[in-house]
Amino acid sequence: MRDVADAAGVSRSLVSTVFRGVPGASPTTRDRVLAAAADLGYRPSAHARMLRSRRSSLIGITLTAVHPFHVEVTEALHEDAELRGYQLSLSWTTARRTLHQAVDMLLAQRCAAIIHIGPTVPDAEMSALIALAPDVPTVVVDRHLDLPDVDALRVDDAAGVRLAVEHLVALGHRDIGHVDGGGYVSAEPRRAGYLAAMAAAGLADRVRVIPSGGTRAAGAATALALLAAADLPTALVAYNDQVAFGLMDVLLQRGVRVPQDISIVGFDNVPEAGMPHLELTTVEQRADRLAHVVSETVMARLEGAAAGGLALQAPGQLVVRGSTAPPGGSSRA
C-alpha cells in the first residue's frame, strides 16, 4: 500500500480509503490510485483486512446452479457487495454435496453473513443449519420460510401468475391451464396465484392444474402427454420459461401453432425468451432489484437490526410478446 501511495502521489490512508470503498476520495484520486495499483500488480488482501478490523469482509452464498434466475441474482449480488466493500464466497450444493457441507465451508471461512439462494431442504434442516452459528446473520432468497432470526426474501410469485392469467382472460381465453412446477421452490405460490386469478375471473370451474416440473425436459414431456390425450386448452401458464420452452418445442414440432392454436405464458423473462424464434410472453423477475434488497437486508443485520421474517417483493411487469393472442387468433395484445 505504501508503494501504491508513492506511485499515486497520495497518502497511505487515502489508498486504504479507496480500497475499502468508503467515501473520502474524489473520483479522480480514486482512478489514480487504482491505476497505480494496476501498474504495480497490487491487490488488497481481504484476509489481512479482516484480521486488522476483526470483522470479516466475506459474505457467504450457498447455491445450486440449476435455475437461471438464481444465477442472475448471484451475479447482481457480486456487483452490489463490491460497492459496499465486501466480497462473496460461493459454496455450491450438488447431488453429492449437501447444504450442510456448503455451510460448513462458509463458517470455516468466518463469513460475516450467509445468504442461501433457493434452498430446497426441509424447514427443520434449515433451522438446524442456522443453529450451527446463531450469531451469523442468515438471509434466505426465493424460498417461503418462516423461522425466527431469519430473513426470507422472495418475489411475490402468486402476484406474477395473476398477471399472466389476467392477460389471457383479457384476450378472451377461458380454457386456461397451469403447468405446475411440482416440487420446485416457487411451485406452491405460483399454483396459488393461478387458482386465485381463475376464481377472480369467474373461472373456478375451469381450473386445470397439469403436473409437470421445472425444466425444459419436463415441459416437453407435459406437451407430449397433452397431445396424447388430445386435450389441449386454448392457453397455458407455465411454471417458468424453461417449461414454456419445452412445451413450445414439442407443440411446434407436432404442428400445433403458437399462438394461433394455443397461447403460452412463462415466468422469469430469461434472455432466451426474447429470441425471434420464441417470442415468449412472460412475467419478468428483476434479479438486480431482488439482489439489492438482499444486500440491504444483510447490511442491516450486520449493523444489529433484528430479522424481519418473510418479505415479498413485487414482481416485474408482464412482458407481452408473440406467444399469446386471442383464442384462434394471431394478433398480439
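The values are calculated or read from the model by the stated rules, or taken from the named source; none is laboratory data. Not measured: the values here are computed from a predicted model. Every residue, glycine among them, receives a Cβ derived from its backbone with ideal geometry; neighbour counts consider all protein chains shown. Side chains are part of the model used for accessible areas, which takes the heavy atoms of the whole protein and leaves out ligands, DNA and RNA. Shrake-Rupley method; radii C 1.70, N 1.55, O 1.52, S 1.80 Å.
The length gained on full extension between Met275 and Arg174, counted as 0.36 nm times the residue separation minus their Cα-Cα distance, comes to 33.6 nm. Projecting the Cα atoms of Gln317, Ile264, Val298 onto the charge dipole of the stretch 257-333 (Cβ charges, centred on the Cα centre) puts Ile264 farthest toward the positive pole. Residues His78, His292, sorted by accessible area with the largest first, give His292, His78 [1.4 Å probe; ligands and nucleic acids excluded]. With both residues required to sit in the chain, DSSP beta bridges show an antiparallel share near 5%.
How charged is the neighbourhood of Gly308? Take every other residue with its Cβ under 14 Å from the Cβ of Gly308, and add Lys/Arg as +1 and Asp/Glu as -1. Around Gly308, the surrounding residues sum to -3. Under the criterion of Cα pairs below 8 Å and six or more residues apart, the relative contact order for the stretch 243-297 equals 26 percent.
Once all protein chains are placed together, Glu166 keeps about 110 Å² accessible to a 1.4 angstrom probe.
What's the FRET efficiency of Val319 with Asp249 using the Cβ-Cβ distance as r and R₀ = 25 Å, to the nearest 0.05?
On the way: r = 20 Å, r/R0 = 0.81.
Step by step, r from the Cβ atoms, then E = 0.80.
Accessible area of Thr64 (1.4 Å probe, protein heavy atoms only, ligands and nucleic acids ignored): about 50 Å².
Every helix of 4 or more DSSP H residues in the chain counts as -39500 (n - 2.57), and over all residues that averages to -13500 deg cm²/dmol at 222 nm.
Rounded, prolate or oblate: pick one for the stretch 155-238, where a ≥ b ≥ c are the square roots of the eigenvalues of its C-alpha gyration tensor, a/c under 1.5 means rounded, and failing that, prolate if a/b is larger than b/c, else oblate. The shape class here is oblate.
Computing the accessible area with a 1.4 Å probe over protein heavy atoms, can you report the carbon and sulfur percentage for the stretch 182-333? Don't skip to the end; give the middle numbers.
Values: 3440 of 6450 Å².
Taking all protein chains in place, the stretch 182-333 shows 53 percent carbon and sulfur surface.
Leu63 sits with roughly 10 Å² accessible to a 1.4 Å probe, with DNA, RNA and ligands left out of the calculation.
So which trypsin sites (Lys or Arg not before Pro) in the stretch 225-300 are both in a DSSP loop and have at most 12 other Cβ atoms within 10 Å of their Cβ?
Values: sites: Arg254, Arg257, Arg286, Arg289; in loops: Arg254, Arg257, Arg286.
Those that pass, being in a loop and sparsely packed, are Arg254, Arg257.
Here the label points at Ala230 and His144, each 7 Å from Cα along the C-beta direction, are separated by 3.8 nm in the simple model.
Would you please give the FRET efficiency between Ala95 and Ala133, computed as 1/(1 + (r/R0)^6) with r the Cβ-Cβ distance and R0 = 41 Å, to the nearest 0.05?
Working: r = 25 Å, r/R0 = 0.62.
That gives a FRET efficiency of 0.95.
Residues in the chain average 46 Å² of solvent-accessible surface per residue, probe 1.4 Å, ligands and nucleic acids excluded.
Full extension of the segment from Ala300 to Asp261, taken as 0.36 nm per residue of separation minus the current Cα-Cα distance, would add 9.0 nm. Overall, the anisotropy analysis places the chain in the prolate class: the square-rooted eigenvalues a ≥ b ≥ c of its C-alpha gyration tensor yield a/c not less than 1.5, with a/b exceeding b/c.
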